[in-house]
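*Asks:* This structure is in structure tokens; I'll ask about it shortly.
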There are 2 protein chains.
Amino acid sequence: MSNLLTQTNFFVPIQEYLDLVEYKMRTQSDGHHSDLGAALDHLLSSGGKRVRPAVALLTGNMLGAVPDRLVTLGAAIELLHTATLVHDDLIDGALLRRGIATLNAQWSPAATVLTGDFVFAQAAKLAAETDSIPVMRLFAETLAIIVNGELTQMFTSRGVASREDYYKRIYAKTASMFELATAASAMLSPVNDKVVMKMRRFGYQIGMAFQIVDDVLDFTGEQTTMGKPVASDLRQGLITLPALYYLELHPDDQEMASLLDGHFYSDERMDRLVNAIRKSGAIEMSIEEARQYIEFSLETLDNQPDTLEKQALVDLARYIVYREF
Amino acid sequence: MSNLLTQTNFFVPIQEYLDLVEYKMRTQSDGHHSDLGAALDHLLSSGGKRVRPAVALLTGNMLGAVPDRLVTLGAAIELLHTATLVHDDLIDGALLRRGIATLNAQWSPAATVLTGDFVFAQAAKLAAETDSIPVMRLFAETLAIIVNGELTQMFTSRGVASREDYYKRIYAKTASMFELATAASAMLSPVNDKVVMKMRRFGYQIGMAFQIVDDVLDFTGEQTTMGKPVASDLRQGLITLPALYYLELHPDDQEMASLLDGHFYSDERMDRLVNAIRKSGAIEMSIEEARQYIEFSLETLDNQPDTLEKQALVDLARYIVYREF
């Protein structure tokens, strides 16, 4: 199902800028306490694919933004993403992320909270360096949306499971940051408000698809490649799209109902439920939905001239939903 | 030593704007999860005197800024201050602030971290709404300075005690935010860069004085009025200016040396040391130093025309060091 070319070639036209984004992020601790530098290096070395800066760079490239400002924006967005991960891992008590020790696995909660705050501060500083008030505003709004989403999830009791809540949650968690990447790049480009709105919509759609695919991979991946058990979300009581479709296909399923009521299952019982979900068609329905989002997103680009820059963005969008499941 | 008039009359010309600042802060949770609104109300009800917004409003009033933007700035600064307090209290495990339960006394650490993040986000949003790139940049830089200061304090082992370190610490902790209040107000005013620099210096000086006085009050206050034991900083191993002056007056004092080496004392032994510091003249030397900062700050205002607005700012500066000790 995957295609090696479309998986990687969209990085080629922006590799040079991605390197500059990396450099800009890593030098943000210069002049501050040396332990902060070590922490930032550690955080940035945990192997993120830099999808968000790539989206920002490709969008801005397509629309004719000045590369310097795009690099600054890309670094600001990836640092914002990094900061939210630091606090997330602390809250979840996660000890590993992408197979590498989290900050809180090594540091005190206090140092972890403050390091997250520091990364927020640097992200905000870089956002201000784009010299665009609309970008600054959108940046702050996005942070508020992300945090409000996490708080809502925390305050919402286990057992509430509707697709509407799911879409709200993945918007706050993921799609809002992709919206920021595309809308802010457009704001830094010589285009009108209508194009900004369209690109924001594009970011929304690929962001929704990205998170749905992530949630599908949680069900389909093997423990060895994921570094966490299959269906780790469900095991923690977090209901994602495949489980929601399963519930719609089998509304009277006692196992799901009991799980939603807050019961925790043994590993074996959970394995049986996960297998039932995997065999139900719910995975395929979820993938299909993600692909729909991507098809809609590509329509958003219809009015853009057919340039190499546009093609790279199309490739990236397709890659999100045609990678290995 | 105090004078009732100078203690309060500087609030009169800006009371109306301070009310708007209050309203702006409290409505930041509108449209978000209702528990967030309750948390924000609780945080803002803990009785802060809103000194930082008052400084911003008085400075901007004096320099002719548009009141609307000053109100937005004032709310942004007080929310930034509030957010840092939320994370501070969490880190210190403090259960009370100004006699009112802290957020972490009632909520989980996770909810407390996220609520702090939410308040940061709202502060950044308001800062962006001032529509000034220099204000945004200074805002982000100030957050970085504050957090870097806290991390440095955390990483610095107990026992390091020099006035140089102390000044750095109180700059990061307090004076940087006063600098932000005065410099940002000037940036929103029809004045040149030289005036912005001068007002930044003014903010620095009153901020340093403010923190020194706070540290003096920790030694001179009574437990009943303070809600915490006398010399609570020293009891926690935090060496402030009175203790530093005491150390300079009595470099061979075995009690201080042993404390700096990381020994914890019984309450009685600590009471004796605190009494020795109180009788040594170190308190008076500290107050004198704070007053010096204020005198310097007033010189910074020399070139400003003698208006009622300027007089209010002078009154506020004097109030900082002539309140009851």
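*Asks:* A:Lys194 passes all but one of (1) in contact with a helix residue (DSSP H, G or I) (Cβ under 6 Å, 6 or more places away or on another chain); (2) without any contact (Cβ under 8 Å) to a residue 12 or more places away in the chain; which number fails?
*Replies:* (1)
*Asks:* Return the residue satisfying two criteria in turn: it lies in region B:147-170 and is part of a helix (DSSP H, G or I) and away from chain A (no Cβ under 14 Å), and of such residues it is surrounded by the most Cβ atoms within 10 Å (Cβ to Cβ).
*Replies:* To start, the set of residues in region B:147-170 that are part of a helix (DSSP H, G or I) comprises B:147-155, B:163-170.
Remaining after also requiring away from chain A (no Cβ under 14 Å): B:163-164, B:166-167, B:170.
Details: B:Arg163: 14, B:Glu164: 7, B:Tyr166: 19, B:Tyr167: 15, B:Ile170: 22.
This residue is B:Ile170.
*Asks:* Would it be correct to say that B:Met187 is modelled with pLDDT of 85 or more and more than 23 Å from B:Glu288 (Cα to Cα)?
*Replies:* On the way: modelled with pLDDT of 85 or more: yes; more than 23 Å from B:Glu288 (Cα to Cα): yes.
So B:Met187 passes the test.
*Asks:* Additional query: If A:Thr82 passes every condition in (1) within 11 Å of another protein chain (Cβ to nearest Cβ); (2) crowded, with 19+ Cβ neighbours inside 10 Å but one, which one does it miss?
*Replies:* (1)
*Asks:* While we're here: Among the residues that make up region A:247-267, is at least one of them modelled with pLDDT of 90 or more, farther than 30 Å from A:Thr182 by Cβ and in contact with an Asp or Glu (Cβ under 9 Å, 6 or more places away or on another chain)?
*Replies:* There is at least one residue in region A:247-267 that is modelled with pLDDT of 90 or more, farther than 30 Å from A:Thr182 by Cβ and in contact with an Asp or Glu (Cβ under 9 Å, 6 or more places away or on another chain).
*Asks:* Of the conditions (1) at pLDDT 95 or above; (2) surrounded by 23 or more Cβ atoms within 10 Å (Cβ to Cβ); (3) over 20 Å from the mean Cα position of the chain (by Cα), A:Ala128 clears all except one; give me its number.
*Replies:* In the conditions (1) at pLDDT 95 or above; (2) surrounded by 23 or more Cβ atoms within 10 Å (Cβ to Cβ); (3) over 20 Å from the mean Cα position of the chain (by Cα), A:Ala128 misses (1) alone.
*Asks:* Can I ask one more? Go through region A:114-125 and count every residue that is facing chain B (nearest Cβ under 7 Å) and among the aliphatic types (A, V, I, L, M).
*Replies:* 3
*Asks:* Which members of region A:9-40 meet the condition of being aliphatic (A, V, I, L, M) and buried (at least 19 other Cβ atoms within 10 Å of the Cβ)? Talk me through it step by step, then tell me what you get.
*Replies:* The first filter runs over region A:9-40 and keeps only residues aliphatic (A, V, I, L, M), leaving A:12, A:14, A:18, A:20-21, A:25, A:36, A:38-40.
Those that are aliphatic (A, V, I, L, M) and buried (at least 19 other Cβ atoms within 10 Å of the Cβ): A:Ile14, A:Leu20, A:Val21, A:Met25, A:Leu36, A:Ala39, A:Leu40.
*Asks:* Scan region A:45-74 residue by residue and report those that are hydroxyl-bearing (Ser, Thr, Tyr) and either surrounded by 24 or more Cβ atoms within 10 Å (Cβ to Cβ) or modelled with pLDDT of 95 or more (or both). Even if it seems obvious, please write down each step before you answer.
*Replies:* Taking region A:45-74 first, the residues hydroxyl-bearing (Ser, Thr, Tyr) are A:45-46, A:59, A:72.
Passing the criteria: A:Thr59, A:Thr72.
*Asks:* Tell me which residues, restricted to region B:80-116, are among the charged types (D, E, K, R) and at pLDDT 80 or above. So that I can check it myself, show each step before the final result.
*Replies:* Kept after step one, since they are among the charged types (D, E, K, R), are these residues of region B:80-116: B:88-89, B:92, B:97-98.
Correct list: B:Asp88, B:Asp89.
*Asks:* With respect to A:Pro134, is the statement that it is out of contact with any Cys (no Cβ under 7 Å at 6 or more places or on another chain) and modelled with pLDDT under 90 true?
*Replies:* Numbers: out of contact with any Cys (no Cβ under 7 Å at 6 or more places or on another chain): yes; modelled with pLDDT under 90: no.
Answer is no for this residue.
*Asks:* Here's a check for you: in region B:99-116, which residue that is assigned to a helix (DSSP H, G or I) and not small (Gly, Ala, Ser) is surrounded by the fewest Cβ atoms within 10 Å (Cβ to Cβ)?
*Replies:* B:Gln106
*Asks:* Can you tell me which residue among A:Leu80, A:Leu96 is more than 22 Å from A:Ser189 (Cβ to Cβ), out of contact with any Gly (no Cβ under 6 Å at 6 or more places or on another chain) and of a type in the set (A, V, I, L, M, F, W, C)? So that I can check it myself, show each step before the final result.
*Replies:* Numbers: A:Leu80 fails: more than 22 Å from A:Ser189 (Cβ to Cβ).
None of the others qualify; the one that does is A:Leu96.
*Asks:* Another question, then. Kindly list, by first and then second residue, each pair from a residue in region B:20-37 that is within 13 Å of chain A (Cβ to nearest Cβ) to a residue that is part of a loop (DSSP other than H, G, I, E, B), limited to pairs with Cβ atoms under 8 Å and residues at least 6 apart or on different chains.
*Replies:* B:Gly37/B:Asp30
*Asks:* Being free of Cβ contacts under 8 Å to residues at least 24 places away in the same chain and either farther than 13 Å from A:Ala123 by Cα or more than 7 Å from chain A (Cβ to nearest Cβ) (or both) is the filter here, so list the residues in region B:126-146 that pass it.
*Replies:* First pass over region B:126-146, keeping only residues free of Cβ contacts under 8 Å to residues at least 24 places away in the same chain: B:128, B:133, B:136-137, B:140-141, B:144.
B:Ala128, B:Ile133 - these are the residues of region B:126-146 that are free of Cβ contacts under 8 Å to residues at least 24 places away in the same chain and either farther than 13 Å from A:Ala123 by Cα or more than 7 Å from chain A (Cβ to nearest Cβ) (or both).
The values are calculated or read from the model by the stated rules, or taken from the named source; none is laboratory data. Keep in mind that this is a model prediction, so the values were computed, not measured. Note that each Cβ is placed from the backbone with ideal geometry, even for glycine, and that neighbours are counted across all protein chains shown.
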